[in-house]
Amino acid sequence: MKKLYAIILFALIGTYANTQQITYSKVIDGAMENAVTTAVDSGYVIAGTINGQGLVIKIDSAANVVWSETIGNNTTFNDVISTNDSCYVLVGGALCIKINSFGNTIWSKKISDTLNIASVQQTMDSGYIVTGYTTASNVPYSKIFVAKLSSAGNLQWTSLFAAGNYENEAFFVKQTADSGFVVTGYYENYPPTDMNIFLIKLSYTGVLLWDKKYPLSSLYYYATDLEITNNGFLFYLIGSGNTRIMKTDFSGNVIWSKEYSTMGSDYYYHPSLKIHKTSDNCYVFVSSSCGGSRIAKIDSVGNIIWSHSLFLDAVDVIPSKDKGFFITGNGPLCGAKTTTSFSNQIGIIKSDSLGSASNCYMGNGFVTATVNTVVSSTVTFTSSLGGTITQITPVVSSISLMSYLGCVSISGGVAENNFETSISISPNPTSGAFQIQMDNGQLSINNYQLSIYNVYGEK
């Protein structure tokens, strides 16, 4: 009987240990993040920029900085991935760079001076597929760019695509089970303004197999991520005021589409916003805004399970090993009136499995979902070859970054009104209690009106 009790007690202790989830919030000063990936160990690798240089940071599971480096000048890294040989590949601008787990450069390539690479994925043959867009001084002002690299970073093929007479930009590429590739982004015709999300399917050698366009009710939606599910594709779309998730079959036909009342996002500053599958076959994503962001978890058909407001300008959320979430973003946040300038900050929030943490949260996100009707149709993309690759040796330097517990800052507050009788309100902004004082030490409620605004500028 004693042995039975011991077994039960051991099982209970083991279950309790497995359900413990660490939460924390930290800030890394002086830098800006664009992408994050799970490290080959238990930590994470963050990519972005600092002082006009490309930046890569390795942190452990508690968000302590292990090492950090700058790479190149006039560089911003837009994406970073972990590779199957325990290394990392970073892309941004025209650069594609592979580093080892200690931050040492293995190879570095430059593809084109007019290229902005937005996404990189490793392929089945241990090579890499990258996508982004080229820029030009005449119409079309941009074209979709896709390139296949070998495991050593050598160029195997490149393709350019365009459907719009004004702009054509790609933000995500992924290999499919048949060894081909799917690419998504947007294209625009002008005048008049006509913007469409697109999905193109390529063969393993970069030949265009089929294409689809998706006209949306809002002019400003951008497809920045795509998940391959067991029965189709799941798009992540960011807009000027909301987020949209759209599900299609493997031929690109729309199954359902839902719009979520998150904060507005700007893809120019958040080209790597992603949606991630969780261990319970649901999905989690963040929206972005300099006034604060949202995190939401949805089920496989887009119904909201929970949502929260975040005290940072979110970039990504990654499911962690303890079934919680690792959330990253930038600061400082925008106040109702910008009066003070702060340096860039990277904010990190580690939440539990319900998306909650002990700090840097601003309450329930109150995200709602609305069903939308989207009808896909074919579109004619023109294709051409383009792009060469060269070996480069960018300047790499170690950099010391200060990190601390806490939340990102707010740049600005509410300006004081000028009255004949002096009134002071402090602290302003505030996270709780504050004082109102006149020069004579008294305040007549009948003569003055007090208005309180949150960090979004909402009364």
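Couple of notes before you dig in:
- Between the stretch 74-137 and the stretch 366-411, the alpha-carbon center distance in angstrom: 12 Å
- Distance violations [Cα-Cα > 25 Å] among 212/297; 212/274; 148/258; 109/213; 110/277; 212/258: 212/297; 148/258; 109/213; 110/277
- In order along the stretch 39-51, phi translates into HN-Hα couplings of 6, 5, 9, 9, x, 9, 10, 10, 10, x, 8, 8, 6 Hz, rounded to whole numbers, per the Karplus curve 6.51 cos²θ - 1.76 cosθ + 1.60 with θ = phi - 60° and x for Gly and Pro.
- Filtered chymotrypsin sites (Phe, Trp or Tyr not before Pro), the stretch 31-113: DSSP coil and at most 15 other beta carbons within 10 Å: 102
- Under-5 Å amide H pairs with residue 39, H placed in peptide plane, nonlocal only: 44, 45
- Net charge over other residues, Cβ less than 11 angstrom from the Cβ of residue 320 (K, R count +1; D, E count -1): +1
- Difference of contour (0.36 nm per residue) and Cα-Cα distance, residue 393 to residue 66: 115.3 nm
- Cut-off 12 Å between beta-carbons: net charge of the residues surrounding residue 387, Lys and Arg +1, Asp and Glu -1: +3
- Radius of gyration over Kirkwood radius for the stretch 106-217, both on Cα atoms: the Rg/Rh ratio is 0.99.
Rule-based calculations on the coordinates, nothing more; no lab input. Small disclaimer: the values here were computed from a predicted structure and weren't measured. Reconstructed Cβ throughout: ideal geometry from the backbone, glycine too, with neighbour counts over all protein chains shown.
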